[in-house]
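Structure first, then comments.
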Amino acid sequence: MKRSSLFFFGLVLLSQIGYLVFAPVQAHEALQYSFRLGMRIAPIFAIVYLVMVFFDYVVDANYIKRHVGKTSGLKGAVIAAVFGILSSGPIYVWYPLLAELQKKGMKTGHIAIFLYNRAIKLPLLPLFISYFGIMYAIAVFVSVFLASLLNGYLVEQLMKVKL
Amino acid sequence: MRNMDYVRLQQSGFRSLRSLVHFLPVLIAVILLLGMLQSVMDENLYRQFFVFSGSLQTVSGALFGSLLAGNPITSYVIGNELLLSGITLAGVTAFLVSWVTVGVVQLPAEGQSLGLRFALIRATVSFIFAIVIGAIVSVGVGLV
């Protein structure tokens with residue numbers, strides 16, 4: 001476990017304790033929200049765990065490299081985009097899986113494409129349309145999809161720049 | 001063969017569990033942070049964030065959305081309220097896009113799993129793209 005992670009955890013924990021001391025009512029509301037959020041994401045976390053076990057057991061590094069690795073090109077980008085769109089739950093539950101895929105050779109740019117396409121939430125599309133209209137929804141989601149490909153390319157290139 | 005497969009499956013299970021356990025403190029911290037953020041945000045604060053007018057609201061929108069996180073449905077509700085209160089479509093679009101693509105709150109978690117350099121570069125590029133998408137979409141929708 002990284003020291004920086006423990007430091008961050010400790011910092012947030014201290015903030016929460018301070019919040020409880022100086023603003024107990026709001027802090028209590030905050031904890032209730034966090035608890036409800038934790039309960040909501042627990043099943044998704046379990047699904048992510050099963051997907052991780054599947055990928056570790058079934059999918060080897062060569063498969064990852066072939067389909068979403070450095071030489072996968074546009075095909076790999078589209079695969080990453082589609083899986084990003086299909087993934088559900090908060091973004092942070094997917095980080096451990098993406099870290100494993102990264103170790104197995106998934107292209108950095110494709111990871112960025114996966115994360116960016118999480119902005120397209122198909123199950124929430126009817127709700128989005130009811131708030132903002134269908135033309136706006138189409139404009140936003142098409143823009144996000146196209147931007148994700150450029151986003152992935154730029155992130156990949158910027159990661160190569162030596163500081 | 002069946003025994004070897006079971007052993008491999010068990011090893012996969014342990015490896016994956018270890019990855020998740022390493023990630024757990026950061027995940028808990030992000031959840032606590034989201035709770036604290038949620039408790040201090042109210043309607044008046046949303047509108048006050050958009051102090052600039054015109055095209056600069058795109059930057060405000062992207063900044064505001066980047067700092068917040070949570071269920072996207074919340075961003076739709078807030079976005080709709082912002083539109084009704086007179087915030088530009090470009091500003092609201094940048095807000096909606098940055099809410100799900102940037103996420104300052106989860107940066108530590110992303111940095112821990114995927115590398116801090118990747119997390120910072122991706123967040124910066126995504127922030128700029130939220131502004132660009134906000135501008136493009138509002139012009140495009142205006143033309144239709």
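Before we move on, is A:Val59 surrounded by 14 or more Cβ atoms within 10 Å (Cβ to Cβ), outside any helix (DSSP H, G or I), out of contact with any strand residue (DSSP E or B) (no Cβ under 9 Å at 6 or more places or on another chain) and more than 10 Å from chain B (Cβ to nearest Cβ)? Yes: the conditions hold for A:Val59.
Pick from A:Gly109, A:Gly84, A:Gly38: which is more than 17 Å from B:Arg15 (Cβ to Cβ) and modelled with pLDDT under 90? Going through A:Gly109, A:Gly84, A:Gly38 in turn, just one is more than 17 Å from B:Arg15 (Cβ to Cβ) and modelled with pLDDT under 90: A:Gly38.
In region A:90-117, the residues that are closer than 17 Å to A:Lys70 by Cα form Cβ pairs under 7 Å with partners that are at pLDDT 90 or above and of a type in the set (Lys, Arg), at six or more places apart or across chains, as follows: A:Ala112/B:Arg122. The residues in region A:107-116 that are more than 9 Å from chain B (Cβ to nearest Cβ) and part of a helix (DSSP H, G or I) can be counted, and the count is 4.
Name the residues in region B:85-103 that are in contact with a Leu (Cβ under 9 Å, 6 or more places away or on another chain) and on the phi > 0 side of the Ramachandran plot, would you? Passing the criteria: only B:Gly103. State whether one or more residues within region A:96-112 are more than 15 Å from the chain's Cα centre (by Cα), hydroxyl-bearing (Ser, Thr, Tyr) and surrounded by 19 or more Cβ atoms within 10 Å (Cβ to Cβ). No, region A:96-112 has no match at all.
Determine whether A:Val53 is under 26 Å from A:Lys104 (Cβ atoms), facing chain B (nearest Cβ under 7 Å) and surrounded by 13 or more Cβ atoms within 10 Å (Cβ to Cβ). Yes: the conditions hold for A:Val53.
Considering B:Gln112, B:Gln106, the condition of being within 13 Å of the chain's Cα centre (by Cα), polar (S, T, N, Q) and more than 17 Å from B:Thr58 (Cα to Cα) is satisfied by B:Gln106 alone. Counting only helices (runs of 4 or more DSSP H) wholly contained in region B:2-96, the ones carrying 3 or more residues that are modelled with pLDDT of 85 or more and facing chain A (nearest Cβ under 8 Å) occupy B:2-40, B:72-84. Take A:Lys65 and decide whether it is more than 10 Å from chain B (Cβ to nearest Cβ), of a type in the set (D, E, K, R) and surrounded by 13 or more Cβ atoms within 10 Å (Cβ to Cβ). When the stated conditions are applied, A:Lys65 passes them.
Could you tell me whether any residue of region A:68-91 is assigned to a loop (DSSP other than H, G, I, E, B) and under 20 Å from B:Gln112 (Cα atoms)? Yes, because at least one residue in region A:68-91 is assigned to a loop (DSSP other than H, G, I, E, B) and under 20 Å from B:Gln112 (Cα atoms).
Among all residues of region A:22-37, there is none that is more than 24 Å from B:Val26 (Cα to Cα), at the interface with chain B (Cβ under 8 Å from one of its Cβ atoms) and either free of Cβ contacts under 8 Å to residues at least 40 places away in the same chain or out of contact with any strand residue (DSSP E or B) (no Cβ under 8 Å at 6 or more places or on another chain) (or both).
Could you go through region A:42-55 and let me know if any residue there is among the β-branched types (Val, Ile, Thr), free of Cβ contacts under 8 Å to residues at least 12 places away in the same chain and farther than 26 Å from B:Leu33 by Cα. Yes - at least one qualifying residue is present in region A:42-55.
The values are calculated or read from the model by the stated rules, or taken from the named source; none is laboratory data. Model, not experiment: these values are computed from the prediction. Backbone-built Cβ (ideal geometry, glycine too); neighbour counts: all protein chains shown.
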